[in-house]
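Scroll down for the structure; my scribbles are underneath it.
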Amino acid sequence: MKNKTIIFFDGDGTLWYPIKTKYTVKPHWVYKDTTIKDYHSHLMLIPTVESTLRKLKKMGIITIILSTHPHEKAEAYKIINKKVKHFNLGELFTEIHATREYHESKGEYMTEILKRLKIPKTKALMIGDNYLWDYKPAKKIGVDALLLESDYMKKDKRIKTIKRLVDLFKMNIV
């Protein structure tokens, strides 16, 4: 899992999560709560995200967000870009994509992006917080994957996990 040149990141649960529940509940509840109108004020950036992304950028690593959204495509892109702007992360990502709401979607996006950028799958990594939506689609297409540990995803010893994004540097992945 060494020498990665491109890293795909999930958004909810990987880069940011709801302040109220952090890693105890899947983060998507915040979008289903009809009493919440401004999602952004209910989200916080996960510790070490910004510093990790800045270091990856200095190293020349391509960073891309692949975040699944249940909304229509145009609305989904508007929402994900608003979150990125809210957290002042725009300059730290090469591309931002709102993937579709089916498990294979992220794998399809990764395949298209890697082909377009002429990057072999062996040089790519997917980091997320959910086995079905992040880890499995990457592994299915031959891309390495890591999950951030959380209370809502039981630790499976067969799955590679990290506690914080900054742990990437201890693992000599980049």
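Run Gly60 past the list (1) in contact with a Pro (Cβ under 8 Å, 6 or more places away or on another chain); (2) of a type outside the set (Phe, Trp, Tyr); (3) at positive phi and report the number of the one that doesn't hold.
For Gly60, the exception is condition (1).
Which one of the conditions (1) over 21 Å from Pro18 (Cβ atoms); (2) open to solvent by less than 90 Å² (accessible area, probe 1.4 Å) does Lys55 fail to meet, given that it meets all the rest?
(2)
With the checklist (1) in contact with a helix residue (DSSP H, G or I) (Cβ under 6 Å, 6 or more places away or on another chain); (2) at pLDDT 90 or above in hand, flag the one item His40 doesn't pass.
Single failed check for His40: (2).
The values are calculated or read from the model by the stated rules, or taken from the named source; none is laboratory data. Everything numeric here is computed off the predicted structure, so don't read it as measured data. Positions of Cβ are generated from backbone atoms using ideal geometry, with glycine treated the same way; all protein chains shown enter the neighbour counts. Heavy atoms of the whole protein, side chains included, go into the accessibility calculation; ligands, DNA and RNA do not. Shrake-Rupley method; radii C 1.70, N 1.55, O 1.52, S 1.80 Å.
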